[in-house]
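The values are calculated or read from the model by the stated rules, or taken from the named source; none is laboratory data. This is a predicted model, so every value here is computed, not measured. Cβ placement follows ideal geometry from the backbone for every residue including glycine, while neighbour counts extend to all protein chains displayed.
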Amino acid sequence: GQFQTYATETGAYIREHFFGGDQRLRSMVENMSDEQILHLGRGGHDHRKVYAAFSAAKEHKGQPTVILAQT
């Protein structure tokens, strides 16, 4: 994974490889230093959304249910 690579690379690498492919993304970080980019949060699991997904899957009847999660 690419997301794991970002955790070990520099802010300059993240700027080039994550934000660099699209002008709209580049403009979001143009006033940020590489150090600031390095320390941006990479997201995580919203416990409310995870609970809601499992709750809906548990309550669904009549056919199989699949939850796709990228971790």
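List the helices (runs of 4 or more DSSP H) inside the chain, counting only whole elements, that have at least 3 residues being of a type outside the set (A, V, I, L, M, F, W, C) and either exposed (fewer than 10 other Cβ atoms within 10 Å of the Cβ) or at pLDDT below 90 (or both).
Values: elements: 2-8, 11-14, 23-29, 34-38, 47-59.
Of the helices (runs of 4 or more DSSP H) lying wholly inside the chain, those with at least 3 residues that are of a type outside the set (A, V, I, L, M, F, W, C) and either exposed (fewer than 10 other Cβ atoms within 10 Å of the Cβ) or at pLDDT below 90 (or both) span 2-8, 47-59.
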(request) Enumerate the pairs (first residue in the range 30-58 and more than 16 Å from residue 70 (Cα to Cα); second residue anywhere and surrounded by 10 or more Cβ atoms within 10 Å (Cβ to Cβ) and hydroxyl-bearing (Ser, Thr, Tyr)) with beta-carbon separation below 6 Å, excluding pairs fewer than 6 apart on the same chain, so at least 6 apart or on different chains. (result) 57/65
